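The values are calculated or read from the model by the stated rules, or taken from the named source; none is laboratory data. Bear in mind that the values here come from a model prediction, so they are computed numbers and not experimental data. Neighbour counts are summed over all protein chains in view; Cβ atoms, including those assigned to glycine, are modelled from backbone coordinates with ideal geometry. Accessible surface areas use protein heavy atoms only, side chains included; no ligands, DNA or RNA. Shrake-Rupley method; radii C 1.70, N 1.55, O 1.52, S 1.80 Å.
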Amino acid sequence: MTAATYQYVDLPDASVVTTRALLTARENITDTVAARAMMCIHGGAGFGKTLAVNICLRGLEPHEDVRKITFRARPTARAVRYELFTALDLAGEPPRHPSEFDRLLKTALAERPRTFLVDEAQWLNGEAFEYFRYLWDEPATQLAVIFVGGEGCHTVLRREPMLSSRIFIWQRFTRLTPGEVLEAIPLFHPIWADADPDDITFADSHAAHGNFRAWAQLTAHTRTALARTGRPRVDQELLRWAFSRLA
Ligand SMILES: Nc1ncnc2c1ncn2[C@@H]1O[C@H](COP(=O)(O)OP(=O)(O)OP(=O)(O)O)[C@@H](O)[C@H]1O
Ligand SMILES: [Mg+2]
């Protein structure tokens with residue numbers, strides 16, 4: 001499967017690797033959606049959360065109506081209402097009054113089961129989280145919610161007992177272990193497929209440190225180095241040059 005649309009850097013020929021975390025996410029998301037529950041995926045930047053969740057949800061479509069909401073700044077409850085209005089493709093103008101707005105959203109959410117993917121959820125404050133809980137608690141709505149966010153997401157959610165007590169599954173993404181790196185990276189990109197495992201370990205311990213985004217960047221620079229030098233295969237000299245761009 002090509003990962004083009006999810007790649008952080010433009011990286012031709014990269015593939016999605018079915019890591020242990022991705023497999024666990026698939027199981028967790030499937031169970032959360034089946035239970036019309038809420039879950040939280042959290043962990044450090046670049047560990048592969050967004051990519052995993054998008055791949056897993058794509059596997060549930062078209063049977064499941066999935067709506068994606070990504071926050072880029074700290075939203076108020078009002079801003080959350082507007083984001084939901086947009087994500088649900090509701091017709092007409094957004095209502096002016098909060099109570100009218102709430103009614104509209106609840107009516108729309110009662111139409112059929114839906115799944116919200118709320119990415120960058122570390123931006124949500126208590127009030128914003130509380131608004132999702134309010135909609136989810138409404139008996140007529142059949143909502144599954146997947147919150148995805150950086151380390152802060154877990155901390156903020158844990159501070160909201162009303163919501164955190166309703167979280168069905170928590171999943172923490174971590175760095176790839178050195179063993180996982182040796183399995184995953186040769187499948188990630190053709191330049192690593194025939195690389196010496198010692199060179200992959202060298203790159204991981206000096207530069208990428210089990211972080212998938214760092215691996216994507218390192219791969220992009222190493223690809224450039226291969227093209228410029230005309231060498232057929234990765235070696236430590238090329239890698240050192242690539243590291244110098246990441247430092
Ligand atoms: N399973 C995977 N297979 C292939 N590439 C991956 C995988 N997971 C992550 N990547 C690569 O790593 C990059 C970063 O992953 P992603 O955006 O999912 O991280 P994140 O955990 O959501 O980070 P952030 O917290 O900063 O949003 C992706 O754009 C992709 O290039
Ligand atoms: Mg992300």
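Since only F85, T222, P197 are under comparison, the one whose Cα sits farthest along the positive direction of the charge dipole of the chain, derived from C-beta charges on Lys, Arg, Asp and Glu, is F85.
Put S164, S244 in order of accessible area, highest first, and with a 1.4 Å probe you get S244, S164.
What you get for the stretch 178-246, charging only the Cβ of Lys and Arg (+1) and of Asp and Glu (-1), is a dipole of about 460 debye around the Cα centre.
Electrostatic tally near C40: other residues with Cβ closer than 10 Å to its Cβ, Lys and Arg +1, Asp and Glu -1, net +2.
Calculated accessible area for the chain comes out at 49 Å² per residue, all protein chains present (probe 1.4 Å; ligands, DNA, RNA ignored). Ordering R96, R133, R172, R159 by accessible surface, largest first, gives R96, R159, R172, R133; the 1.4 Å probe counts only protein heavy atoms, with every chain in place.
Using only side-chain charges placed at the Cβ, +1 for Lys and Arg and -1 for Asp and Glu, the dipole size of the chain relative to its Cα centre rounds to 460 debye. Just report the Cα centroid separation between the stretch 76-106 and the stretch 185-247, whole Å. Centre-to-centre distance over Cα atoms comes out at 47 Å. Taking all Cα pairs closer than 8 Å and separated by 6 or more residues, the relative contact order of the chain comes to 26 percent. If I fit a long axis through the Cα atoms of helix 98-111 and take the longest principal axis of the Cα atoms of the chain, what angle between them do I get, 0 to 90°, rounded to 10? Approximately 70 degrees, to the nearest 10. Helical content alone sets the calculated 222 nm signal of the chain at -15500 deg cm²/dmol, taking -39,500 (n - 2.57) per DSSP H segment of four or more residues and averaging over every residue. Kindly express, to the nearest 10 degrees and within the range 0 to 90, the angle between helix 178-188's C-alpha long axis and the longest C-alpha principal axis of the chain. Between helix and principal axis, roughly 90 degrees. Taking amide H as placed 1.01 Å from N in the peptide plane, Q142 has its amide H under 5 Å from the amide H of R114, each at least 5 places away in sequence or on another chain. Charging the Cβ of each Asp and Glu at -1 and of each Lys and Arg at +1, and nothing else, the dipole of the stretch 153-208 about its Cα centre rounds to 780 debye. Residues Y131, Y82, sorted by accessible area with the largest first, give Y82, Y131 [1.4 Å probe; ligands and nucleic acids excluded].
DSSP beta bridges fully contained in the chain are about 5 percent antiparallel. For the stretch 138-238, relative contact order (Cα pairs under 8 Å, six or more residues apart, normalised by length) works out to 21 percent.
Counting Lys and Arg as +1 and Asp and Glu as -1, what is the net charge of the other residues whose Cβ lies under 14 Å from the Cβ of A208? Net of charged neighbours comes to +1. Farthest towards the positive end of the charge dipole of the chain, among the residues I169, A247, L157, is the Cα of L157, using unit charges on the Cβ of Lys, Arg, Asp and Glu.
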